[in-house]
Structures are given as structure tokens and as C-alpha cells.
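Scroll down for the structure; my scribbles are underneath it.
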């Protein structure tokens with residue numbers, strides 16, 4: 001099998017190599033301009049900000065963004081890439097967006113004027129509730145009036161891109177935004193720059209993504225990042241398959257249709273819990289992240305199962 005020529009953008013290293021380095025800031029600028037051109041016009045400049053956000057006290061939560069930056073107007077942009085499906089992912093992005101809002105607060109006489117906050121999530125999965133919407137891969141979310149559908153508050157925007165739904169071929173690409181989505185989804189499968197991408201920005205992106213040009217240290221870090229990416233994909237796939245099989249057998253033994261559904265769901269939940277425990281034991285996931293993931297499954301109807309696995313991770 002032919003070795004990869006270009007980096008996988010869905011790895012932590014690959015995404016930050018292409019969009020998180022000062023030298024490649026024009027790549028991120030071009031992408032955001034294509035994504036937001038209808039309401040933003042043209043973003044002139046971007047400044048990278050510290051990606052770790054801390055709460056106001058030791059008891060508050062913290063957030064680590066993949067990318068966090070602001071334009072010359074002081075508007076904030078959070079850009080996240082999500083490799084594997086995560087329950088309550090929308091909740092997570094809402095929590096993340098709260099940090100740039102809170103940090104704008106001023107002590108003393110303040111009129112509560114806020115700069116806009118944009119959260120962009122590039123997803124390597126499809127939301128369960130959207131699986132029937134085969135051709136809708138982009139979701140633009142703002143606070144709006146439920147009855148009139150008019151935007152009530154325009155300073156908070158969430159954009160979700162479900163990349164598995166974007167299936168345009170090279171020949172079908174019509175816009176520059178199409179080209180960006182095609183690159184994000186297919187870069188690691190390409191072995192040369194397609195003719196349609198031969199302009200300054202995309203040529204620079206392909207040069208930055210070329211694995212052969214990495215330093216020895218960069219190559220080592222990328223391989224580690226790629227291993228985590230592949231292990232996560234394989235682990236989640238295996239966990240789901242094992243959970244479904246175990247649940248199906250339990251349901252069949254109960255001999256009722258509702259038993260099959262119940263057993264399948266219990267098996268799926270146990271598969272996810274088992275995966276979290278294994279990732280913690282391997283050192284891929286720390287105890288806090290593992291516990292948070294397990295606790296997100298509380299309320300699923302199988303709290304006894306969740307508690308059983310939670311006790312296996314120390315506080």
C-alpha cells in the first residue's frame with residue numbers, strides 16, 4: 001500500500017500544523033472567510049489567543065480549544081475538530097462559547113456590549129438526529145424566536161460541519177468553500193495537488209501538509225497523533241459492534257422485542273464505558289476525562305452499570 005503523501009487534518013498534529021501555526025495563519029483566514037463571507041464580509045486579520053481557558057475559581061471547569069483567535073474587530077473564533085462522536089457535543093460547544101463571552105465582562109460601569117463569538121466545529125461524524133438529512137452537512141445556529149424564526153441575538157453563532165455527508169467529487173467542486181471541504185476530507189488520500197487547487201493559498205497548504213518535508217521530530221509527533229486517531233476510531237467501532245452483539249444476545253434470551261431493544265442499548269452503553277476504562281488504563285485518557293465521559297452516560301437508564309465502571313477509576 002502506497003504511503004501517505006499528506007498529513008491527516010483530523011489528527012491533532014495535522015490540524016494544528018495546517019491552521020495553528022503563525023506562518024500558516026493565512027490558511028485559516030482564507031477558510032474562515034469562505035465559511036463566514038455572507039455575514040462577515042472579509043476578515044482582514046487574525047490573532048491567535050491562548051487556547052486554554054480557566055474558570056474564575058478553582059472549582060470552575062476549564063476548556064482547551066483546538067484553535068482560538070480574534071479578528072481586528074475583537075470578535076472571537078473558536079475552531080474545533082472532532083474525530084469521534086461524542087454524546088452532548090452540542091453542550092460542550094455551548095460551554096466553550098461561554099468563556100469568550102465571560103472574559104469580555106468589565107468591572108464597574110459597563111453597558112454589557114459584547115463582541116460576536118463564533119464556534120466552528122468540523123466533525124468526522126454525523127449527529128444521530130441528522131442521519132436522515134443526507135444532503136445537509138452544514139448547520140448554522142443562532143438564538144432565534146421560535147415562532148417567527150427571526151434571529152433574536154446575532155452575537156453568538158455555532159457552525160457545525162458534518163464532513164461524512166460532504167461527498168462531492170473533484171469534478172463537482174463549484175466554489176472555493178467546496179474546495180476547502182474537499183481538502184479537509186480527502187487530503188490524506190491524495191498524492192499530488194489537483195489542478196483545481198493550484199493557487200497561492202492551496203499550494204501553500206499542500207506544501208505544509210507534505211509529510212516528506214517534516215523534521216524528524218515533527219514526523220515522530222505526527223505518527224503518535226496518527227496512532228491515537230486510528231486507535232480511537234477502531235476502539236469506538238469495536239465497542240459499538242461488541243455492545244450491539246452483546247445486547248442482541250441478551251434481548252434474544254429475554255424473548256421479547258422490547259427486551260432486544262433494551263439489551264442492545266445496555267450493551268452499547270457498556271461498550272462505551274469499557275472503552276473509557278481501557279483508554280484510561282493505557283494512559284491515552286486521563287482520569288478526569290474518563291470520569292466525565294462516563295458521567296455523561298448517567299441518566300441513560302443504566303446508572304448501575306455506569307457506577308460500576310466509575311468505581312474503577314480513582315478520584
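The values are calculated or read from the model by the stated rules, or taken from the named source; none is laboratory data. From a predicted model like this one, the values you see are computed outputs, not experimental measurements. We place every Cβ from the backbone using ideal geometry, glycine too, and count neighbours over all the protein chains shown.
State whether the residues of the stretch 111-120 include one that is part of a strand (DSSP E or B), closer than 12 Å to residue 90 by Cα and in contact with a strand residue (DSSP E or B) (Cβ under 7 Å, 6 or more places away or on another chain). Walk me through how you get there before you give the answer.
Let us first name the residues in the stretch 111-120 that are part of a strand (DSSP E or B), namely 117-120.
Filter again for closer than 12 Å to residue 90 by Cα, leaving 119-120.
After this cut, where a residue has to be in contact with a strand residue (DSSP E or B) (Cβ under 7 Å, 6 or more places away or on another chain) as well, the list is 119-120.
Checked against the condition, which is being part of a strand (DSSP E or B), closer than 12 Å to residue 90 by Cα and in contact with a strand residue (DSSP E or B) (Cβ under 7 Å, 6 or more places away or on another chain), the stretch 111-120 yields at least one hit.
Screening residue 68 against (1) modelled with pLDDT under 70; (2) assigned to a strand (DSSP E or B) leaves a single unmet condition, (1).
Quick grid of which residues meet (1) closer than 30 Å to residue 275 by Cβ; (2) buried (at least 16 other Cβ atoms within 10 Å of the Cβ); (3) modelled with pLDDT of 85 or more:
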| site | (1), (2), (3) |
| --- | --- |
| 21 | no, no, yes |
| 24 | no, yes, yes |
| 31 | no, yes, yes |
| 40 | no, yes, no |
| 49 | no, yes, yes |
| 52 | yes, no, no |
| 100 | no, yes, yes |
| 108 | no, no, no |
| 111 | no, no, no |
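Quick check on the stretch 139-146. Is at least one of its residues touching a helix residue (DSSP H, G or I) at 6+ places or on another chain (Cβ under 6 Å) and either in the same structural domain as residue 70 (by TED's automatic domain parsing) or modelled with pLDDT of 95 or more (or both)? Checked the stretch 139-146: no residue is touching a helix residue (DSSP H, G or I) at 6+ places or on another chain (Cβ under 6 Å) and either in the same structural domain as residue 70 (by TED's automatic domain parsing) or modelled with pLDDT of 95 or more (or both).
Filtering the stretch 161-201 to residues that are without any contact (Cβ under 8 Å) to a residue 40 or more places away in the chain and within 23 Å of residue 94 (Cβ to Cβ) leaves 162, 165. So, residue 203, is that one exposed (fewer than 14 other Cβ atoms within 10 Å of the Cβ), modelled with pLDDT of 95 or more and either in a strand (DSSP E or B) or in the same structural domain as residue 29 (by TED's automatic domain parsing) (or both) or not? When the stated conditions are applied, residue 203 passes them.
Within the stretch 133-159, the residues that satisfy the criterion of being free of Cβ contacts under 8 Å to residues at least 40 places away in the same chain, within 22 Å of the chain's Cα centre (by Cα) and not in a loop (DSSP other than H, G, I, E, B) are 138, 139, 140, 141, 142, 143.
When each of 188, 225, 220 is tested for being modelled with pLDDT under 95, in contact with a strand residue (DSSP E or B) (Cβ under 8 Å, 6 or more places away or on another chain), assigned to a helix (DSSP H, G or I) and over 21 Å from residue 139 (Cα atoms), the lone residue that passes is 188. Right, residue 101: within 20 Å of residue 36 (Cβ to Cβ), outside any strand (DSSP E or B), touching a residue at least 24 places away in the same chain (Cβ under 8 Å) and assigned by TED's automatic domain parsing to the domain that holds residue 26 or not? Yes, satisfied.
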